[in-house]
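Novice: Mind having a look at this structure? Questions to follow.
The values are calculated or read from the model by the stated rules, or taken from the named source; none is laboratory data. Small disclaimer: the values here were computed from a predicted structure and weren't measured. Cβ: placed from backbone, ideal geometry, glycine included. Neighbour counts: every protein chain shown.
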Amino acid sequence: MNKTNYIFVTGGVTSSLGKGIISASLAKLLQARGYKVSIQKLDPYINVDPGTLNPYEHGECYVTVDGAETDLDLGHYERFTNQPTSQANNVTTGRIYSEVINKERRGDYLGETVQIIPHITDEIKNRIKHLAKENELDFVITEIGGTVGDIESLPYVEAVRQLKWEMGNQAMVVHLTLIPYLAAAGELKTKPTQHSVKQLLQLGVQPDILVCRTEHHLNMGIRNKIALFCNVETTSVIESIDTDTIYKVPILMQEEGLDTEVLRKLNIKDNRKTVLTKWDKFLNRLKNPTHEVTIGLVGKYVELKDSYKSILESFIHAGAENLCKVNVKMISSENIDDENVEYMLKNLDGVLVAPGFGNRGIDGKIIAIRYVRENKIPFLGICLGMQCAVIEFGRNVLGYEDAHSSEMNSRTNFPVIDLMEEQKNIDNMGGTMRLGAYSCQLIEGSKTFDAYQKQDIEERHRHRYEFNNEYKEKYTAAGMSIAGINPKRDLVEIIEIPDHPWFVGVQFHPEYSSTVANPHPLFVDFIKAAKDKN
Ligand code: GLN
């Protein structure tokens, strides 16, 4: 195709309808037809990126290869399409405004009054077109965050209106809504959908396709009614029924004909019947496990599952690879103490200690790690989880009584985890961590090397502190091995305990790069070790 087509995905009625999953599923279906697709998320908040947000606000902060701190939906995009995203795939209102204000200060608009229309909307449109241009795409799917009618999303909807007008049938809108079921009336209700489409119409945007989230199947009567009231064809009313796994959504969307409808609306002739062979194979493995394990996820944001989204999804990929159902028990590290640790962890097949920042819940993480180290329970520590493993080993094996990370205790006698040199003069908190993909050299014979089956890897980082190399010799002499090093800077990226069935701590975030097509090797081997423990 020599032109890019633009698909905008908006949401109405309520948040959390799964716009990200629908966008990722549509991308998957178009990709299966051989098209080049990328998905972009526009977030209406004023933070420049979600890096400074508490996970309780919008869930996990997802990090791309190029080091952008982004919305967790980008994780879904990568997991579904198996393609890397970048900073260009996530734009926030904060980023748009700071760019426009910078241009104003530079004098780019000299003489003009700088306004939401056209300056902010032009900047939004540029970001959308830029993604297409950079990557020579057949399709850009742009997901507009928030719900139609929110004050914050008005400039985005206006940008969509303008682009739709400029591009004619090269652009279209998929609107996601909710069809609630009223148990008392025993009926599905279409009115909220009608109202949310009216909201869009008031802003000058006629949706082309409605994807209707529902707990019950939509019969022809309901589909015709929605079509009539919302000015769409009946074939453009797509049912999105609740399902037990998000990974079934591409198949459900294919059955409902979302991709064929999109192509028809964009006047693209394509009668191919696509088959998602690999995807089906994955679903089959997921649905027919021969084993079952329970993994404890020890962290401090356990009340909100979205805080650990990529970790939970990585378990699903690794579970399918091992034909093993993975039950995850979320354990708040604040609730773990010396007395109850055995009760809390003894029946688990593996323990993952999560990434994080700050002092809250640190003691429980260290106590949990001591228990799994001494009781030979498979362990994976990610970022802060790896740092806690180093602290625990320092205190309980090497006898460094107050060993700590200088993040938690700047006056410790044993700063076994310390601030990285280049972090020492940093004042701004936003976007200044060690971010994005860095290379790591694995040591042959390590568990990590066994997992990856190669020496040179690249993994994504998001941290300010690191293993303090002054302690390297003491640690290795006492039985903790260094299994991976950043060759340029001689940074310790992986620690292991060889005299343990499976004890691995990584300074990077393997969870960001696990996809359906490529389950992450460390998660795969961690689940394998948990399975073998039984
Ligand atoms: N707080 C730690 C650091 O900045 C770990 C960060 C993380 O777990 N992502 O080094």
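Novice: Does the stretch 432-448 contain any residue that is under 23 Å from E339 (Cβ atoms), more than 16 Å from the ligand (Cβ to nearest atom) and polar (S, T, N, Q)?
Specialist: To start, the set of residues in the stretch 432-448 that are under 23 Å from E339 (Cβ atoms) comprises none.
For the stretch 432-448, residues under 23 Å from E339 (Cβ atoms), more than 16 Å from the ligand (Cβ to nearest atom) and polar (S, T, N, Q): absent.
Novice: Can you tell me which of (1) surrounded by fewer than 24 Cβ atoms within 10 Å (Cβ to Cβ); (2) away from the ligand (no atom under 12 Å from the Cβ); (3) not in a helix (DSSP H, G or I) is the one L380 doesn't meet?
Specialist: If we test L380 against (1) surrounded by fewer than 24 Cβ atoms within 10 Å (Cβ to Cβ); (2) away from the ligand (no atom under 12 Å from the Cβ); (3) not in a helix (DSSP H, G or I), just (1) comes out false.
Novice: Of all residues in the stretch 191-211, which are charged (D, E, K, R), assigned to a helix (DSSP H, G or I) and over 11 Å from G149 (Cβ atoms)?
Specialist: Result: K191, single match.
Novice: Name every residue in the stretch 414-447 that is in a strand (DSSP E or B), within 21 Å of G51 (Cβ to Cβ) and in contact (Cβ under 8 Å) with a residue 60 or more places away in the chain, in order of residue number.
Specialist: Taking the stretch 414-447 as the starting set, the residues that turn out to be in a strand (DSSP E or B) are 415-419, 434-442.
If we keep only those that are within 21 Å of G51 (Cβ to Cβ) too, we end up with 417, 419, 434-438.
Answer for the stretch 414-447, where residues must be in a strand (DSSP E or B), within 21 Å of G51 (Cβ to Cβ) and in contact (Cβ under 8 Å) with a residue 60 or more places away in the chain: L435, G436, A437, Y438.
Novice: Applying the selection to the stretch 245-279, what residues are at pLDDT below 95 and under 25 Å from the mean Cα position of the chain (by Cα)?
Specialist: Selection gives L276, T277, K278.
Novice: Here's another thing I want to ask about it. With the condition kept exactly as written, say whether any residue in the stretch 359-375 is assigned to a loop (DSSP other than H, G, I, E, B), touching a His at 6+ places or on another chain (Cβ under 9 Å) and either under 20 Å from P501 (Cα atoms) or within 16 Å of the ligand (Cβ to nearest atom) (or both).
Specialist: No, the stretch 359-375 contains no residue that is assigned to a loop (DSSP other than H, G, I, E, B), touching a His at 6+ places or on another chain (Cβ under 9 Å) and either under 20 Å from P501 (Cα atoms) or within 16 Å of the ligand (Cβ to nearest atom) (or both).
Novice: Go through the residues of the stretch 140-159 one by one and say whether even a single one is assigned to a helix (DSSP H, G or I) and aromatic (F, W, Y).
Specialist: yes
Novice: Within the stretch 485-534, track down each residue that is part of a helix (DSSP H, G or I) and modelled with pLDDT under 95.
Specialist: D532, K533 - these are the residues of the stretch 485-534 that are part of a helix (DSSP H, G or I) and modelled with pLDDT under 95.
Novice: Quick check on the stretch 449-484: of everything there that is part of a strand (DSSP E or B) and within 14 Å of V390 (Cα to Cα), which residue is farthest from the ligand (Cβ to nearest atom)?
Specialist: We begin by selecting, within the stretch 449-484, every residue part of a strand (DSSP E or B); these are 456-463, 465-467, 481-484.
Remaining after also requiring within 14 Å of V390 (Cα to Cα): 465-467, 481-483.
Working: Y465: 3, E466: 7, F467: 10, S481: 21, I482: 17, A483: 18 Å.
Top of the filtered list is S481.
Residue-by-condition table, conditions (1) of a type in the set (S, T, Y); (2) at pLDDT 95 or above:
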| residue | (1), (2) |
| --- | --- |
| F80 | no, yes |
| Y97 | yes, yes |
| I101 | no, yes |
| L137 | no, no |
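Novice: Another question about this same structure. Among what's in the stretch 319-358 and is farther than 17 Å from D525 by Cα and within 16 Å of the ligand (Cβ to nearest atom), pick the residue that is surrounded by the fewest Cβ atoms within 10 Å (Cβ to Cβ).
Specialist: Applying the filter and picking the extreme gives G358.
Novice: Take the residues of the stretch 227-257 that are of a type outside the set (A, V, I, L, M) and in a loop (DSSP other than H, G, I, E, B): which is farthest from K273 (Cα to Cα)?
Specialist: Among them, the one singled out is N231.
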